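The values are calculated or read from the model by the stated rules, or taken from the named source; none is laboratory data. All values derive from a computational prediction rather than experimental measurement. Quick reminder, even Gly has a Cβ in these numbers, built from the backbone with ideal geometry, and neighbours come from all protein chains shown. Please note that ligands, DNA and RNA were not included when accessible areas were found on the heavy atoms of the full protein model with its side chains. Shrake-Rupley method; radii C 1.70, N 1.55, O 1.52, S 1.80 Å.
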There are 2 protein chains.
Amino acid sequence: MYTSIRIKNRKLIKMSHKKKEIMEKLKNDILSLELKPGTLISETSLSEKFNLSRTPIRDILKQLSLQGFIDIYPKKGNIVSYIDLESVEQITFLRSTLEKEIMKDLSSNIPITGLHNLMSILAMQNECIESKIENQDKLIRFMVLDDRFHKTLFELAGRKFLWNLIQQFNVHYMRYRKLHAFKKEKLRELLQGHQEILDCIVHGQKDRIDDLVYHHIRADINSPYFRENFMEYVKTPSKLV
Amino acid sequence: MYTSIRIKNRKLIKMSHKKKEIMEKLKNDILSLELKPGTLISETSLSEKFNLSRTPIRDILKQLSLQGFIDIYPKKGNIVSYIDLESVEQITFLRSTLEKEIMKDLSSNIPITGLHNLMSILAMQNECIESKIENQDKLIRFMVLDDRFHKTLFELAGRKFLWNLIQQFNVHYMRYRKLHAFKKEKLRELLQGHQEILDCIVHGQKDRIDDLVYHHIRADINSPYFRENFMEYVKTPSKLV
DNA sequence: AAACCATAACTTGTATACAAGTTAAGACTG
DNA sequence: CAGTCTTAACTTGTATACAAGTTATGGTTT
């Protein structure tokens, strides 16, 4: 039995390249809703598909389960998780609360380069809306930029750690957002929210921040549009599993 | 290949009883610092100790690693993680920010039974301080009550979900707190903080909350007492792993 | 004595066989 | 035809053998 581990590779390599690749693919497919909630994902099918034994596949599924991407029913099977509205609401509260605080911090002292970054992201979002890209692609592009905007705010405030932490538990929020923001006016609204937030930061209007962030992030948790169209994706007690 | 999973056991049983037991034991031993940071934890040793094959043991270690309890160095070994001060600071910021918001919510409308619960916890904390219990046990008892106080606040505000989420990533904060609060005056100080917070909630003094929470949770991140005594537990780039 | 090298002993990673629980389908019974 | 039972096919859980990388040891060389 050894008594210590020698230093050599400073970095903790937590996963082989291939495993990481498979996990990223599964995550993407689930987040993009290509794999619909309720879809069965058996170890053997993945094992055959990716030409890898069940053991490493199980590692991946275990981790996905801990992050809410799938639900594991012992001896029955694994399914892509249904969207949990409770989680959406709670994560939304978490984000809005954190971002209010972060923006107040930033409104006192934001570096000029950071400001430029944020502004350029808004310009790209505007460009994205006006462009003739097809609807689905446009939405994805816009959302990527949306994330980049918020992530940048976290980074500028020295809170990258928390951004990454939240990202790990974002499955339900991300899918909800994707589904319910599928309208052009919605995108304009979101962009305007960003612009107003940036204005506040620049002009140090701390008192306006609370309301802005609230409306930007939390406003439509109970979107009727969502409830009318996507209830089949939502976690309900009676759902067949 | 099946196409759906029949409902029967509504509950997702994520782990067998034995596995859960082992995991809880490991978590407790790490949190209590009985297992010191840097301690090697090999799969085979656990496997022999608990009379279980390596496969389920690996499941446990994988999960502990994701929650920051241990670090896995492939083909080298697993160690109990060193305390990551960055994580302590970030989680502290997260908690203080969330709790400020939660307390503002509660100061408007807190149910009377909830208030009684909180008060009885404070009474027990006071009793704990005055009692003749030995130091180590007293500290543990006090900290359990401390957690119960904060947890109750989360629950009353409908934020149990977030409390549980944070708990999963509390390893570094919990161990830091345990080490640096190891003084009697410290305990009185913490209790007084609780009492002031409760006062604010009762009297709806929202403007005082920010400062109180800040001091209660965040005040001594850079505790010299901690740095002088426990640096051997702290994650540093040069640490032998 | 110091540096080097081969090798044995250890570590975790992967593949696979088997165990145990769940589901689906069909034969059987009333 | 409806209901029940048996059984085969499926699922994940566990044990174990082997693969591959890392470390420690001790002998050899210089």
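Worth pointing out:
- Verdict on B:Ile221 being of a type in the set (Val, Ile, Thr), closer than 27 Å to B:Glu134 by Cα and assigned to a loop (DSSP other than H, G, I, E, B): yes
- Complete set of residues in the stretch B:45-70 that are within 9 Å of chain A (Cβ to nearest Cβ) and either part of a helix (DSSP H, G or I) or crowded, with 21+ Cβ neighbours inside 10 Å (or both): B:Ser45, B:Thr55, B:Arg58, B:Asp59, B:Lys62, B:Gln63, B:Ser65, B:Leu66
- Criterion: touching a helix residue (DSSP H, G or I) at 6+ places or on another chain (Cβ under 8 Å), surrounded by fewer than 17 Cβ atoms within 10 Å (Cβ to Cβ), not assigned by TED's automatic domain parsing to the domain that holds A:Phe169 and not hydroxyl-bearing (Ser, Thr, Tyr) - qualifying residue of A:Lys25, A:Lys36: A:Lys36
- Filter result (exposed (fewer than 14 other Cβ atoms within 10 Å of the Cβ), modelled with pLDDT under 80 and farther than 21 Å from B:Glu101 by Cβ) within the stretch B:173-219: B:Lys183, B:Lys184, B:Glu185
- Taken together, B:Ser16, B:Ser32, B:Ser53 contain a single residue that is within 13 Å of DNA strand D (Cβ to nearest atom) and closer than 24 Å to A:Thr3 by Cα, which is B:Ser53.
- Tally, over the stretch B:212-241, of residues that are among the acidic types (Asp, Glu) and more than 14 Å from chain A (Cβ to nearest Cβ): 2
Residue by residue, here is whether (1) modelled with pLDDT of 95 or more; (2) of a type outside the set (Val, Ile, Thr) holds:
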| residue | (1), (2) |
| --- | --- |
| B:Ile5 | no, no |
| B:Glu34 | yes, yes |
| B:Pro37 | yes, yes |
| B:Leu40 | yes, yes |
| B:Gln63 | yes, yes |
| B:Gln67 | yes, yes |
| B:Tyr73 | yes, yes |
| B:Ser96 | no, yes |
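- Enumeration of residues in the stretch A:71-99 that are at the interface with chain B (Cβ under 8 Å from one of its Cβ atoms) and under 21 Å from B:Phe161 (Cβ atoms): A:Asp71, A:Ile72, A:Glu86, A:Ser87, A:Gln90, A:Phe93, A:Leu94, A:Thr97, A:Leu98
- Of all residues in the stretch A:10-22, those satisfying the criterion of being open to solvent by less than 40 Å² (accessible area, probe 1.4 Å) and at pLDDT 95 or above are A:Lys19, A:Ile22.
- Only listed residue being under 18 Å from the mean Cα position of the chain (by Cα) and assigned by TED's automatic domain parsing to the domain that holds A:Gln125, chosen from A:Asp210, A:Asp147: A:Asp147
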